[in-house]
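Undergrad: One structure, as structure tokens, below. Some questions next.
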Amino acid sequence: MQQADTRSRATDISKLVRVGLLLLFVAVGILVAGGLLAQGAPVGLDWGILWTNRFLLLQGAATTIALAALAAFFGTLIGLLVALVRVAHVPFLAQYAQGYTEIFRGSPLLLQLFWIWFGLPLIGVPINGFAAAVLGLSLNAGAFCAEIFRGGILAVPRGQSEAALASGMTYLQTMRYVVLPQIVRSSLPPLIGQQISLVKDTSLASLISFQELMLMTQSIIDRTHRIFELYIGAAAVYFVICYPLSQLVRSVEKRIGSRT
Amino acid sequence: MGGSAPHRGAMMLAPRVAPVFGQSWQLLTSIVWVGLIFLGGTALLLLGVRQIVILAGIATSGGRGWTPHFEVVLQNLPFLLEGLLSTLQLSASVGVLAFGLGILVALARLSRLGPLYQLATWYVEVLRNTPAIVQLFLIYFGPPTVGVRLSVPVAALLGLTINNSAYMAEIIRAGIRSINRGQTEAASAVGMSYPQITRYVILPQALRVVYPPLVSQWISIVLFSSLASVIAYPELAEHAKRLDSRTFRSFEIYGAVTVIYTICTLSLALVLRLIERRVFPVAR
Amino acid sequence: MAGAMIEIKELHKHFGKLPVLRGVSLSVAAGEVVVIIGASGSGKTTLLRCINHLEVPDSGEVRVDGIRLTDRAADVRAVRVECGMVFQQFNLYPHLTVLDNITLGPRVVRKVSRRTAEDMALELLAKVGLSEKSTSYPGQLSGGQQQRAAIARALAMQPKVMLFDEVTSALDPELVGEVLNVMRNLAREGMTMVVVTHEMEFAREVGDRVLVMDEGQIIEQGRPSTIFTNPTQPRTRQFLRKILEKV
């Protein structure tokens, strides 16, 4: 039996947390109030600024979604290929794939983007902001997808691949008809989770001068100086894209759990 | 060892025995081997792309005369390692603080009190569904508009801690929920109070269960510490940027720093796994 | 060639430092039913799996129906197509119906049309007594039914040889009989079979020849009647005593 939410015994624990949070609130309240008093002016948050710039913001949002979708597509493809190569233990290619996976999962996306955007042109490869962003995000996503797929493939009992191979199927046929169909269900939640991260990761493309939502927001801020409202507005856009996806993950997990 | 067929079909069945983890020597040599193949392969790949681009006549003007100058990295290694130290310090602080805060939020998410649960849920959902960089910018650039000025280190620490606490909270909560109800019943039967049960019975077991995802999150903290460079916090990514603006050897610098991070996170993962064996010996 | 269906010469194999096959040679004629018995670790399963290249010997030669088994993908596939294998753990594909399980091999490997494959599959299902289960999923079948479906799946490739790897060891006792029945019928129809098993009754009744393996070598072989009543080797006697004591 699962430990149901300890809701049924909230007393001591939640009392402690309640007090803690109350203190936190009071502290923040004092800070903000103190700051306001120091300013001497009433705080006026101009939310209208978001409406005024709605087209620019929507443009940024659209670019963000497009970037994320592209990187998700390539990333999934790369991930699948890399996973297949690794599981097949193709000499040299499998080691290369392993190195790729370790490096792109073990280092910050920020630096990967910098290396592509600043480094490649230096060795002679011409690349624009869009291509750099797509490449960097795809390679990064690809490494994570590779691990997801590899885990799924290894979870399929080995005996089934043996049976398929014993009947004369090739490695690729075995993957296509026997193994991969079975990992679709189990890989879906982490895969969608990965895509949610990808949407958030697109914000880093602003740092290599690609005009997505973050950069758009920042240029509006430079004009209007309305920092709070605009960053919160941008955050809201990301939230509106990501939250439904995270709920989707939850419902997919539930459905898988019930069918097993 | 026997069993590996060179042809494709059987290749999938190749090593039936997974490499023995206990042999650190084997592990080290295989890591070095993989690293060499990857670096060599990538070097070949890039050189090939460069040749194609040059032959096609679309090479960038600066790129034609490029030769590798990795000594720039070697000469400034102390500077970069300073940054690495700073990264590790920041990550350690965030790791501990976010973990502690995460436990509190997790407990709030499990509480029966409506408002508390709602609050905690909003906290977690907002932080997990918005980019960390937006949160960081809000914390650093926001307060000055109302006269409160946070220093760079404080803003970085606060921003990263709050962001990661949301992920930690979900991981810990999942762990707590997976603990058998019978444990709580047994403990309360001997007269322990609920805070005591949580502290001595539930949490230790929950943490053992979710240790792997926690390790992932800690590694993620190290990686995301690089965001602090955007608000000029002097950690490894920021030192890399400064070195780049001084020497313009972007390819070598960012490439090398990427490798440094990778070695760092791989070692960290290894160390944390070894700690797991000590702290959570497999008793089952 | 002397017309032997399976020809094995001097197989040697090590798993790391452990020798698993130490110079095993064997010849199986068409239509012959060879039963291999022995203690676990004697190498009998490894020997069987070397026939269709699921295990790769360090040295030695394997020929099936005249085709020499090498490391070349084409040769391996040519041999595997002629060998149908049935596993201890059934290894049915859980995401496909029983019918699809059976038709997958012929359609993908032999490029048979779906229609033809399904007709053949239904015939085979009737043969193993599972006609009404064609649209069921493996998870809905009992162990004995799954194994019979696995046999039908192997037969669908129209192999010249059937390899059985301890196919009843994972079954509840009351389900063993139905599987052995199917195997008995197959033998009667003249299929060349190599069977690794602990079922001594089956070996006695259906086997043309019994091989006893111990520590990677064939220590004795002969007709079932001889082996079971008058084994010559002391180790054979030891092994039989242990096995038959349990029965």
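The values are calculated or read from the model by the stated rules, or taken from the named source; none is laboratory data. Since the structure is predicted, the reported quantities are computational estimates derived from the model, not experimental observations. Note that we place each Cβ from the backbone using ideal geometry, even for glycine, and neighbour counts take in every protein chain shown. Only protein heavy atoms, including side chains, enter the accessible area calculation; ligands, DNA and RNA are left aside. Shrake-Rupley method; radii C 1.70, N 1.55, O 1.52, S 1.80 Å.
Undergrad: Taking chain B as a Gaussian network, where each spring joins two C-alpha atoms under 10 Å apart, which residue of B:83, B:182, B:65 fluctuates the most?
TA: Of the options given, B:65 has the highest mean-square fluctuation.
Undergrad: Can you list the residues, at least 5 places off or on another chain, whose amide H is less than 5 Å from the amide H of residue C:198, using H built in the peptide plane?
TA: Placed amide hydrogens put nothing under 5 Å from residue C:198.
Undergrad: Given axes a ≥ b ≥ c from the Cα gyration tensor, I'd like to know whether segment C:60-106 is rounded (a/c under 1.5), prolate (a/b larger than b/c) or oblate.
TA: Taking the square roots of the gyration eigenvalues as a ≥ b ≥ c, segment C:60-106 is prolate.
Undergrad: So with the 1.4 Å probe, I'd like the accessible area per residue for segment A:58-259, rounded to whole Å².
TA: 38 Å²
Undergrad: Across peptide B:212-220, what mean number of C-beta atoms from other chains lies inside 10 Å of a residue's C-beta?
TA: Averaged over the peptide's residues, the number is 1.
Undergrad: Under 5 Å between amide hydrogens, which residues at least 5 positions from residue C:192 or on another chain qualify, with H placed 1.01 Å from N in the peptide plane?
TA: Long-range HN contacts for residue C:192: C:31, C:162.
Undergrad: Let me ask something additional. HN-Hα J couplings of segment B:32-44 from phi, Karplus 6.51/-1.76/1.60, θ = phi - 60°, integer Hz, Gly and Pro as x?
TA: Here the 3J(HN,Hα) series is 4, 4, 4, x, 5, 4, 5, 5, x, x, 5, 4, 4 Hz.
Undergrad: What is the spin-label model distance, in nm, from residue B:196 to residue A:251 if the labels are put 7 Å beyond Cα along the C-beta direction?
TA: Output for this residue pair reads 4.6 nm.
Undergrad: Using a/c under 1.5 as the rounded threshold, could you call segment A:58-259 rounded, prolate or oblate? The axes a ≥ b ≥ c are square roots of the C-alpha gyration tensor eigenvalues, and prolate needs a/b larger than b/c, oblate otherwise.
TA: oblate
Undergrad: Let me ask something else about it. Using the per-residue mean of other Cβ atoms lying within 10 Å as a proxy for protection, in what order, highest first, do the peptides A:233-240, C:22-29 fall?
TA: Working: A:233-240: 19.9, C:22-29: 17.0.
Those peptides, ordered most packed to least, come out A:233-240, C:22-29.
Undergrad: If you don't mind, another one. Report, please, the projected area of segment B:71-283 averaged over directions, based on the convex hull of its C-alpha atoms, in nm².
TA: Its Cα hull, projected and averaged over all orientations, spans 14.6 nm².
Undergrad: Ok, one more. For chain C, report the accessible area per residue in Å² (1.4 Å probe, heavy atoms, rounded to an integer).
TA: Ligands and nucleic acids excluded, the result is 43 Å² per residue.
Undergrad: Evaluate peptide A:79-92: per residue, the Cβ atoms of other protein chains within 10 Å of its Cβ; return the mean as an integer.
TA: On the way: counts 0, 0, 0, 0, 0, 1, 0, 0, 3, 5, 8, 3, 5, 3.
Taking all residues of A:79-92 together, the mean is 2.
Undergrad: Residue by residue through segment A:74-88, what is 3J(HN,Hα) from phi via Karplus (6.51 cos²θ - 1.76 cosθ + 1.60, θ = phi - 60°)? Round to whole Hz and write x for glycine and proline.
TA: Running phi through 6.51 cos²θ - 1.76 cosθ + 1.60 with θ = phi - 60° gives 5, x, 4, 4, 4, x, 5, 4, 4, 4, 4, 5, 5, 5, 7 Hz.
Undergrad: When chain C is modelled as a GNM with alpha-carbon springs shorter than 10 Å, which of C:127, C:13, C:160 fluctuates the most?
TA: Highest fluctuation of the listed residues: C:127.
Undergrad: From other protein chains only, count the Cβ atoms within 10 Å of every residue's Cβ in B:121-132, then give the mean.
TA: 6
Undergrad: Also, I was wondering about something else. Residue B:77 versus residue C:131, label points 7 Å from Cα toward the beta carbon: distance in nm?
TA: Taking the simple label geometry, residue B:77 and residue C:131 are separated by 7.9 nm.
Undergrad: Roughly to the nearest percent, how much of the accessible area of the protein assembly as shown is carbon and sulfur, given a 1.4 Å probe?
TA: Result for the protein assembly as shown: 63 percent of the exposed heavy-atom area is carbon or sulfur.
Undergrad: Hey, got a sec? Which trypsin sites (Lys or Arg not before Pro) in segment B:114-210 land in a DSSP loop and have at most 14 other Cβ atoms within 10 Å?
TA: Numbers: sites: B:128, B:149, B:173, B:177, B:181, B:199, B:208; in loops: B:149.
The qualifying sites are B:149.
Undergrad: Interface B/A, total buried accessible area with a 1.4 Å probe, nearest 100 Å²?
TA: Accessible area lost upon association: around 7400 Å².
Undergrad: Of the beta bridges DSSP finds with both residues in the protein assembly as shown, what % are antiparallel, to the nearest 5?
TA: 55 percent
Undergrad: Could you give the length gained by full extension between residue B:54 and residue B:273, i.e. 0.36 nm per residue of separation minus their alpha carbon distance, to one decimal place?
TA: 74.2 nm
Undergrad: Another question about this same structure. Are any of the pairs C:17/C:160; C:9/C:44; A:254/C:133; C:9/C:160; C:17/C:242 more than 23 Å apart by Cα-Cα distance, and if so, which?
TA: Too far apart for the 23 Å limit: C:17/C:160; A:254/C:133; C:17/C:242.
Undergrad: Using the Karplus curve 6.51 cos²θ - 1.76 cosθ + 1.60 with θ = phi - 60°, work out ³J(HN,Hα) for each residue of segment C:56-67 in order, rounded to whole Hz, and write x for Gly and Pro.
TA: 10, x, 6, 7, x, 10, 10, 10, 10, 6, x, 7
Undergrad: In the Gaussian network model of chain B, springs joining C-alpha atoms below 10 Å, which of B:118, B:26, B:89 carries the largest mean-square fluctuation?
TA: B:26
Undergrad: Where does the Debye-calculated log10 I(q)/I(0) of the protein assembly as shown sit at q = 0.05, 0.07, 0.08, 0.09 Å⁻¹, using only Cα point scatterers of equal weight, no solvent?
TA: -0.37, -0.69, -0.85, -1.00
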